[in-house]
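S.K.: The structure under discussion is supplied below as structure tokens; questions concerning it will follow.
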Ligand SMILES: [Zn+2]
């Protein structure tokens with residue numbers, strides 16, 4: 001079976017199953033409790049959809065510029081239509097934000113900025129997305145206690161301080177940002193800039209994963225292996241202590257052992 005873990009990073013798996021942002025349960029059933037339209041601008045409509053988790057009874061809100069067809073299956077619950085595929089891509093903003101998508105070993109200040117950048121990108125607010133990406137590098141440098149007068153210097157300093165992280169990601173961050181920053185300010189709705197910002201954010205995600213998640217996973221596995229090893233082989237020091245304690249508790253055994261062991265003047269003493 002192919003790896004399906006990408007489904008864990010979505011809100012909506014399909015029109016009946018989703019990953020709940022409240023109880024953090026994956027693949028629980030949900031229903032749409034209501035749908036309402038409002039005017040985003042004078043000539044652009046927006047729809048809000050309310051998704052109810054059937055596991056924890058909380059309701060999340062999801063905004064889209066598409067009028068997605070829903071059908072009632074009980075008096076109060078409806079479902080998105082079967083032919084609506086790739087539901088997540090149709091929403092540009094959700095409350096709560098998809099916090100569960102990012103590993104909680106990544107500091108929350110960085111997770112907040114990734115979530116905000118994603119939200120900006122989905123709404124095509126490219127200046128906002130670009131600002132979030134720069135702020136992320138600034139905060140990451142602060143956490144790593146590295147100096148740098150500007151974005152470029154900080155990325156270079158981070159690359160040096162984290163040699164275990166694949167350097168390609170830092171190189172991508174350097175090359176892409178110089179192209180993107182001018183483009184973003186020239187034309188905020190340019191699709192070219194959106195694509196580049198997406199690559200920039202994907203690189204930042206990889207960097208964060210390698211800095212905060214990979215070493216933690218490795219440490220966990222190391223701890224597990226050491227624990228198994230300890231169970232199999234008690235430490236030599238403990239054996240010595242156990243033997244001494246056993247002899248102290250059983251003076252007859254001690255005397256018996258002393259009788260059995262040949263007394264050699266230069267040999268090791270049992271005492
Ligand atoms: Zn839930």
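S.K.: Is it true that some residue in the range 158-166 is on the phi > 0 side of the Ramachandran plot and surrounded by fewer than 17 Cβ atoms within 10 Å (Cβ to Cβ)?
M.R.: At the first step, the residues of the range 158-166 found to be on the phi > 0 side of the Ramachandran plot are none.
No, that holds for no residue.
Conditions tested, residue by residue: (1) in contact with a helix residue (DSSP H, G or I) (Cβ under 6 Å, 6 or more places away or on another chain); (2) modelled with pLDDT of 90 or more.
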{"site": "44", "(1), (2)": "no, yes"}
{"site": "52", "(1), (2)": "no, yes"}
{"site": "91", "(1), (2)": "no, no"}
{"site": "97", "(1), (2)": "yes, no"}
{"site": "107", "(1), (2)": "no, yes"}
{"site": "118", "(1), (2)": "no, no"}
{"site": "132", "(1), (2)": "yes, yes"}
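Quick grid of which residues meet (1) within 15 Å of residue 12 (Cα to Cα); (2) not in a strand (DSSP E or B):
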site: 26; (1), (2): yes, yes
site: 36; (1), (2): no, no
site: 62; (1), (2): yes, no
site: 71; (1), (2): no, no
site: 76; (1), (2): no, yes
site: 88; (1), (2): yes, yes
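Per-residue answers, yes or no, for (1) surrounded by 22 or more Cβ atoms within 10 Å (Cβ to Cβ); (2) assigned to a loop (DSSP other than H, G, I, E, B):
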{"residue": "106", "(1), (2)": "no, yes"}
{"residue": "114", "(1), (2)": "yes, no"}
{"residue": "117", "(1), (2)": "yes, no"}
{"residue": "128", "(1), (2)": "no, no"}
{"residue": "133", "(1), (2)": "yes, no"}
{"residue": "137", "(1), (2)": "yes, no"}
{"residue": "142", "(1), (2)": "no, no"}
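S.K.: On to the next question. Just name the residue that is nearest to the ligand (Cβ to nearest atom) out of those in the range 47-67 that are over 14 Å from residue 95 (Cβ atoms) and more than 25 Å from the chain's Cα centre (by Cα).
M.R.: Selected residue: 47.
S.K.: Among 91, 77, 12, which is more than 16 Å from the ligand (Cβ to nearest atom), touching a residue at least 40 places away in the same chain (Cβ under 8 Å) and in contact with a strand residue (DSSP E or B) (Cβ under 6 Å, 6 or more places away or on another chain)?
M.R.: Exactly one of 91, 77, 12 is more than 16 Å from the ligand (Cβ to nearest atom), touching a residue at least 40 places away in the same chain (Cβ under 8 Å) and in contact with a strand residue (DSSP E or B) (Cβ under 6 Å, 6 or more places away or on another chain), namely 91.
S.K.: Taking the range 120-143, which residues are more than 20 Å from residue 176 (Cβ to Cβ) and either touching a strand residue (DSSP E or B) at 6+ places or on another chain (Cβ under 7 Å) or touching a residue at least 24 places away in the same chain (Cβ under 8 Å) (or both)?
M.R.: Of everything in the range 120-143, those that are more than 20 Å from residue 176 (Cβ to Cβ) and either touching a strand residue (DSSP E or B) at 6+ places or on another chain (Cβ under 7 Å) or touching a residue at least 24 places away in the same chain (Cβ under 8 Å) (or both) turn out to be 123, 143.
S.K.: Provide a single number: the residues in the range 20-42 that are crowded, with 19+ Cβ neighbours inside 10 Å and more than 9 Å from the ligand (Cβ to nearest atom).
M.R.: Selection size over the range 20-42: 2.
The values are calculated or read from the model by the stated rules, or taken from the named source; none is laboratory data. This is a predicted model, so every value here is computed, not measured. Positions of Cβ are backbone-derived with ideal geometry, glycine not excepted, and every protein chain shown enters the neighbour counts.
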